[in-house]
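J.: Dropping the structure in here first, questions after.
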Amino acid sequence: QVQLVESGGGLVQPGGSLTLSCAASGSTFGMYAMKWYRQAPGKEREFVAFISRIAGNTNYADSVKGRFTISRDNAKNTVNLQMNSLRPEDTAVYYCTAVFGYNTYWGQGTRVTVSS
């Protein structure tokens, strides 16, 4: 098992940037593929970004493609989500997930609010 703690959320102006971090502990971080999801108020959870165990492959939702970048540092047991050109519709709680086989582990989330 792995424990995940997200950080870096907050209030940002439209067009601004923010970087989220996810710190992992309790297991071997490098064995997990990592994903970011988000859930806006009153909306269903949606996929945001994916990165493979060795960071050789990434994938993004169409809504964030070209604006967000997912990265990982296995030596530091962290995964980041750099968010640029933020829009009000990006407002959500962002969740870090670790995937191994049939199992998916979730962090508690960090809130991002994009507003003027």
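J.: Which one is farthest from Val79 (Cα to Cα), of the residues in segment 1-20 that are open to solvent by less than 40 Å² (accessible area, probe 1.4 Å) and of a type in the set (A, V, I, L, M)?
T.: Among those residues, the one meeting the criterion is Val12.
J.: Suppose we keep only residues that are open to solvent by 20 Å² or more (accessible area, probe 1.4 Å) and among the β-branched types (Val, Ile, Thr) within segment 94-116. Which one would you say is farthest from Phe29 (Cα to Cα)? It would help to see each step written out before you state the result.
T.: At the first step, the residues of segment 94-116 found to be open to solvent by 20 Å² or more (accessible area, probe 1.4 Å) are 95, 99-106, 108-109, 111, 113, 115-116.
If we keep only those that are among the β-branched types (Val, Ile, Thr) as well, we get 99, 104, 113.
On the way: Val99: 10, Thr104: 13, Thr113: 29 Å.
So the residue we want is Thr113.
J.: Filter the strands (runs of 3 or more DSSP E) completely within segment 11-73 down to those with at least 1 residues that are in contact (Cβ under 8 Å) with a residue 60 or more places away in the chain. Break it down stepwise before answering.
T.: Details: elements: 18-25, 33-39, 46-51, 58-60, 68-73.
Those strands (runs of 3 or more DSSP E) span 18-25, 33-39.
J.: Hey, among the residues in segment 21-45 that are in contact with a strand residue (DSSP E or B) (Cβ under 6 Å, 6 or more places away or on another chain) and open to solvent by less than 30 Å² (accessible area, probe 1.4 Å), which one's farthest from Gly101 (Cα to Cα)?
T.: Once the filter is applied, the top-ranked residue is Ala40.
J.: Restricting the search to segment 46-82, which residues are open to solvent by less than 30 Å² (accessible area, probe 1.4 Å) and out of contact with any Ser or Thr (no Cβ under 6 Å at 6 or more places or on another chain)?
T.: Going residue by residue through segment 46-82, those that are open to solvent by less than 30 Å² (accessible area, probe 1.4 Å) are 48-49, 51-52, 61, 64, 67-68, 70, 79, 81.
Passing the criteria: Val48, Ala49, Ser52, Ala61, Val64, Phe68, Val79, Leu81.
J.: Still on this structure, I have one more. Would you point out the residue of segment 83-92, among those that are in contact (Cβ under 8 Å) with a residue 60 or more places away in the chain and surrounded by 15 or more Cβ atoms within 10 Å (Cβ to Cβ), that is farthest from the chain's Cα centre (by Cα)? Reasoning before the result, please.
T.: So in segment 83-92, the residues in contact (Cβ under 8 Å) with a residue 60 or more places away in the chain come out as 83-88.
Keeping just the survivors that are surrounded by 15 or more Cβ atoms within 10 Å (Cβ to Cβ) gives 83, 86.
Details: Met83: 10, Leu86: 14 Å.
Looking at residues that are in contact (Cβ under 8 Å) with a residue 60 or more places away in the chain and surrounded by 15 or more Cβ atoms within 10 Å (Cβ to Cβ), I get Leu86.
J.: If you go through segment 4-34, how many residues are modelled with pLDDT of 95 or more and of a type outside the set (A, V, I, L, M)?
T.: 13
The values are calculated or read from the model by the stated rules, or taken from the named source; none is laboratory data. Quantities reported herein were computed from a predicted structural model and do not represent experimental measurements. Every residue, glycine as well, gets a Cβ built from its backbone with ideal geometry; the counts of neighbours run over all protein chains shown. Calculation scope for accessible area: heavy atoms of the full protein, side chains included, ligands and nucleic acids excluded. Shrake-Rupley method; radii C 1.70, N 1.55, O 1.52, S 1.80 Å.
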